[in-house]
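First up is the structure itself, then whatever we jot down about it.
The values are calculated or read from the model by the stated rules, or taken from the named source; none is laboratory data. Only a predicted model underlies this, so the values are computations on that prediction, with no experimental measurement involved. All Cβ positions, glycine included, derive from the backbone under ideal geometry; neighbour counts span all protein chains shown. The accessibility values were calculated without ligands, DNA or RNA, using every heavy atom of the protein model including side chains. Shrake-Rupley method; radii C 1.70, N 1.55, O 1.52, S 1.80 Å.
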Amino acid sequence: MAKSKKKRQQDFQKVKLKVGKKLKKADNVTNASFRTRSIQISQTLKTGETSQPSTKKKQNIKELFTQCRHYSSSVRLEAVNGLKELLTSYSDLISVNLSDILDRCSELLIDRESSVRLAVIRLFKYLLPMVTEKEISPFFPLLCAHLSCAMTHIQDSIQEDSLNVLDLMLETFPKLMLTKSNQVLPNFMEQISRRQGQGKAKRTLSTNPDSSTSTVKWRTSVFNRLHKFLSAMVKYGSSVVHQDDQQKSADVWRQPSCNESMFLLDDSPLYIQPWSTRFTKCWSTPGFILGGTGLNKKMETDNECVDEQFLEYTDTLIPLMFECWVECAPSKQKKQTIGNRMTTVNIEMLYSILQVTQLLWHCIHSQQHDQEKMFNQRSKYMKDFHQYFMSDFPFSGHQVLVQKNKKTSANAQISLEMLNLTICNIMTYFIGSETTDISHDMAWLPMVTQYLCDYISGKYGKGFIGQSSKTFVNIVDRLVSHGIRNDMILHVIVEMFKRYQTANVNSTEKIIYLEFFHCKMLSNGDLASLSPDLRRSFLKSLPGLLPLCSNDNEKLINILISTMKTAACEKCSDLIDKSSLDIIKHHWFDPDSGVISRLNEHHQRDLISILYYIPTLDLDVIKTLVHLIRSQQINDSMVSYLIQTLHNRYLKSWQRADTAALHIGFLTNLIIGMSQQDIKQRLEMGRNQCRTLLGKYNIIQSECSDVEIPTFDRQNHILEMVGTTLCQFYNTSQAVDVIIEHFQNTLLESSDVPLEVAFGICKFAESLNCIPSEFECLINQLSISLVSHLVTCQDSSNPMQVKQMKDVCCKLMLKNSSSLDTLFKTVSNLDEDLDPVKFDTILKTVMIFLTEGRHTCIQGHPQRLQLLTSLHTMLQNYVDKNKDVIPSETETLLVNFKYLLSSVH
């Protein structure tokens, strides 16, 4: 029977669980629980390729090089930005990977995405200044090749960005750019024109209506870059030697191994990767080099000729610029309506054309030395220049279209004056020389001179005159140099002198005008005889201008001193007058407030040399110069130069009594070493000092017991220079007699003598070959007093200076034998007045002549030996009577005196 329903339910009954009670686990359940902890690793160990420097995105430099050629523009952009990030953080990668960096990045100069090109430009702005010219020179042809591709690219945006790269390369490596000038210069013409036909057919201007930049702005930008390039040619062209470059290329260009370090010129290594032979052809390609080295090896001509290829380039470019000029310049044949007026953009275009034309003509004019060829060049261009540039000259403000809501009127006015002056500058190149006079074709000359006259007079405003002073002076200089000296030019020069007087002392305008008048107003100048009054005013203004110059304006000081020196050599009486002597005294050579203390040694020497040419120097100027010599504002070499300059000035007019008296008085004051006022002050202070024990004179020292080292060294140098100068006199004995007479008159007034004065007189006497007999008595007493005073200065902190002064006195006394006899007789007769202090002074004074090899003055002189023997006996008797007051050191010194005296026997 089947089971009942109730029984079936019991077999499959579900166990009911109560809330809050857990189910019991089975006996065979496995525990699978576990615990975790985090581990932080600051650095990971890298090996192989992963150890290279990488960017924030973990990309090394090789990966970035690969991505630079990726098909996606975003990847290329990230690669260039990654390179900049990597090179900024690891600058040492630049020298190792320079070839790859330039290879991959220069390819992107013609990338179709502007963001990639701008990123490359930003990278180059950082990279190129970090690389030297020597390092980049092997790869520069490759960089120029890609630049040329970008400049001549079919897309206008790529051409625009290429000009920014050109600016950067001209700024960092101008000399290397010149070696590729024949490759870069034609690109400027390709950017604004196209050929008509095949071969060397005529070129015509090109326009692109679809371009985002207007044609005028684009051509202006191109001409501005061309102007920069030509400026670099003018500045660096003469220093770039083509033959040397080829020699360097032959030495440098070889195929090193991949890991080889190449050394160029010095010991700094360059890691250069091997290139294929196709780059060697680019390396040897020369450029337009100014300075007579030729355009290329095949067409190298004589140094006096201009390169023919450059002339061909000029002949092609100038007609294109004339076409651009016609498009932008206003026409006087039309009524001056709003549509015929010039905008600021047109003015900038005209000005850029004039700048390029000016540099082109300057290159041709400066390099051409053949007068016949120069005449042909003038004849070739003058008619066209007059037709285009002078037809609307001068441009005035009413021709400028003032645009509403734009502040361009002031800039337009400034640009117009720059425009007019540049035209004047270009046209003055067509003034013929004496051998090739073409004055019959110079109908434009009155227009130029009239404009210059109106311009400098302020007819067109005075705000721009200072900014254009360089160009204006060049124009006037060229006119004057070619003999154009009419009334208008004279008026222009007078106005220029007024500007020179009112210009700020330390401004560039002041320097420019000073250079002009320096060349034109002196005897060899073109205006020396044209306006004597103007020349006189210019020369009178020079002495007072020097003290106003700032210390950092070296150029102005150099020109100013050079001008005054040249004028003084030419004996220009207008340079120095009575007022000028006051300036010389108070503002030139005054040691406290004079300009000489602010000048460098070279300028000091030039300023001192002007004194040689000054006709007369009064007593006040001489006193100032003496004060300057004694001060520490100039060094010893300048002191010697100043003394010798004044002496040479005396020798050329030594027969004049006033000149001789002034010069001998100058030397006498140098010997004394102190001014009269200082001597009086020293004597007043010396009244309370102890008197010198030996000799007739009492030596007065300053309140400071030590001898000042700088003062002594300077005085010692001065005295040596004075002794040398006295030997150069035509009548030395007479000059010495005058100086000695002055000393005697000075020392007769008082028995007190300052230490500096005593040393100066003794040093002077020691330098004489023969001491005059009437001077012996004074020298004997003064030298004895000075020696006895110096032996009391043994405790001085400057013993070397004391010793040098004692040596001078000893040499003098040994030279003058009567001085020693007087000394020994004097000390032998002091028995009654002897005291411990005098005892010590006598003993130390006498001991000087028995030591350091001076004992020979006693040998062979029995009378001196007898005097010293009696002196020893007197001193010994005094010691025996006064043992209590005599220190042991003095007794020891007396024993040494006896020993030395016995050795002389």
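Which value in nm describes the separation of the simple spin-label points at K680 and T746, placed 7 Å from the Cα toward the beta carbon?
1.6
Given H placed 1.01 Å from N in the peptide plane, which residues other than close sequence neighbours of S193 have an amide H under 5 Å from its amide H?
So S193 has HN proximity to S206.
Using the Cα gyration tensor of the range 120-180, with a ≥ b ≥ c the square roots of its eigenvalues, what is the shape: rounded (a/c below 1.5), prolate (a/b larger than b/c) or oblate (neither)?
prolate
Of the listed pairs K623/K806; K565/K652; K62/K228; K652/K815; K680/K838, which have alpha-carbon separations greater than 26 Å here?
Result: K623/K806; K62/K228; K652/K815; K680/K838 exceed 26 Å.
Taking all protein chains as present, what is the carbon and sulfur share of the accessible area of the range 602-697, in % to the nearest whole number, probe 1.4 Å?
Answer for the range 602-697 is 50 percent, counting heavy atoms of protein chains only.
Would you mind classifying the range 525-677 by shape? Square roots of the alpha carbon gyration tensor eigenvalues, ordered a ≥ b ≥ c; an a/c under 1.5 is rounded, otherwise it is prolate if a/b is larger than b/c and oblate if not.
Oblate is the answer for the range 525-677, as a/c is 1.5 or above yet b/c matches or exceeds a/b.
So how long is each side of the range 59-191 along the principal axes, counting just the alpha-carbon atoms, biggest first, in Å?
Cα extents, longest axis first: 42, 33, 17 Å.
Using r as the Cβ-Cβ distance of S214 and N551, and R0 as 51 Å, what FRET efficiency do you calculate, to the nearest 0.05?
Efficiency for this residue pair is about 0.55.
Give the calculated FRET efficiency between D454 and E327 to the nearest 0.05, with a Förster radius of 22 Å applied to their Cβ-Cβ distance.
The formula returns an efficiency of 0.20 here.
Take the Cβ-Cβ distance between Q155 and T508 as r, set R0 to 51 Å, and report the resulting FRET efficiency rounded to the nearest 0.05.
E(calc), rounded to 0.05, equals 0.75.
Report, by chain and number, residues whose modeled amide H sits under 5 Å from the one on D752, excluding near sequence neighbours (fewer than 5 apart, same chain).
Long-range HN contacts for D752: N698.
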